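The values are calculated or read from the model by the stated rules, or taken from the named source; none is laboratory data. Predicted model, so just to flag it, every value in this text is computed and none were measured. Neighbour counts run over all protein chains shown; Cβ positions are idealised from the backbone, glycine included. What goes into the accessible areas is simple: the full protein's heavy atoms, side chains included, and nothing from ligands, DNA or RNA. Shrake-Rupley method; radii C 1.70, N 1.55, O 1.52, S 1.80 Å.
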Amino acid sequence: MTDIMSREIQLVSRPNGMPTAANFAIAQTKLETLQDGQVLVRNLYMSVDPYMRGRMSDRKSYVPPFALGKPLDGGAVGEVIESRAKEFKQGDVVVSSLGWREYFIAAPKALHMVSPNIQPLSVYLGALGMTGMTAWAGLNLVEVKAGDVIFISGAAGAVGSVAGQIAKLRGCRVIGAAGSAEKVKFLQEECGYDLALNYKTSPILEQLHQAVPDGIDVYFDNVGGETLEAALSVLRTYGRIIACGGISGYNEESPQAGPSNLFNMITKRLTMKGLIVSDFLDLQSEFEKEVGSYFRDGKLKNKETVVVGIEQAVGAFIGLFAGKNIGKMVVKLE
């Protein structure tokens, strides 16, 4: 198959502060002829994630920045249209990091085959994808166990909603923070959180003191900023912090000030561990076995906010920072 035209989203300028539509462009490109050992894939769903904001700045980090004038990368689920590699055949469903485009050609090593029998296929970007694995790996990082009281920020997001459900399955008391009454209801009624707090109604520290006067054992941090500071106040002695993300500061033009009560790390003998999910890829089969069984048995829900069309991808990405998603934000490609 030749002469395929594919639309893609390119980064054309680096954002200052909050990204805008002007930082991106939709381009059309003609794919090259498929060669031996290559696979042609049509993307069905693509992921937008907060960590991508860091890659839009030209600074050294754990992953290279996006190049200007080139398509962005991101998680995607696609269907093999044509294969000239023995590892895949037409009709196979694959996960890749080559999102933000409608079609692509890749070597087999860039693809991970998944079962087409699990629906919706977009679950491989959420509960059974990198965000689900991030939640699972974070809980394992500090050995979250039955009886722990765990507080999760960004709890209604892609990582937080899965982390809370898994923690509950492990026998924890689970408390979450989110930014709307709708999200609070989602956490309590659909995710099984013991308690959900709306951080926009009153200071989160006051709510935590009232909700857990005896303190918490674990804080799963997706937000940073004031919420991290609040957690440092309510963590018990020998408490643990999972440092997963800091979305409250991703669009700040200068670094946020550190917590004023960081000395609690010493007086309470706290442990804080950072998490990058790519460090755990050798455990992917273990994750898929455990969390996949939860999903198949109906014990774990995969909540999505879906927008349709590649032209909606930029708006979906920017919407993450305004809290417009419940669960995983996914773009369905037409």
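Checking the condition within 18 Å of LYS301 (Cα to Cα), of a type in the set (D, E, K, R) and touching a residue at least 12 places away in the same chain (Cβ under 8 Å), which residue from GLU190, GLU226 passes? The unique qualifying residue is GLU190.
Here the strands (runs of 3 or more DSSP E) wholly within the stretch 85-147 that include at least 1 residues being in contact with a helix residue (DSSP H, G or I) (Cβ under 6 Å, 6 or more places away or on another chain) are 93-96, 112-114.
Of everything listed in (1) under 17 Å from GLY258 (Cβ atoms); (2) touching a strand residue (DSSP E or B) at 6+ places or on another chain (Cβ under 6 Å); (3) part of a loop (DSSP other than H, G, I, E, B), the single unmet condition for TYR193 is (1).
In the stretch 270-324, the residue that is surrounded by the most Cβ atoms within 10 Å (Cβ to Cβ) out of those that are among the small types (Gly, Ala, Ser) and within 20 Å of VAL144 (Cβ to Cβ) is GLY292. Within the stretch 81-126, if we keep just the residues that are of a type in the set (Asp, Glu) and open to solvent by less than 40 Å² (accessible area, probe 1.4 Å), the residue that is nearest to THR29 (Cα to Cα) turns out to be GLU102. Taken together, the residues in the stretch 73-107 that are over 16 Å from the mean Cα position of the chain (by Cα) and small (Gly, Ala, Ser) amount to 6.
Of the residues making up the stretch 51-80, just one is within 20 Å of VAL308 (Cβ to Cβ) and open to solvent by 40 Å² or more (accessible area, probe 1.4 Å), namely GLU79.
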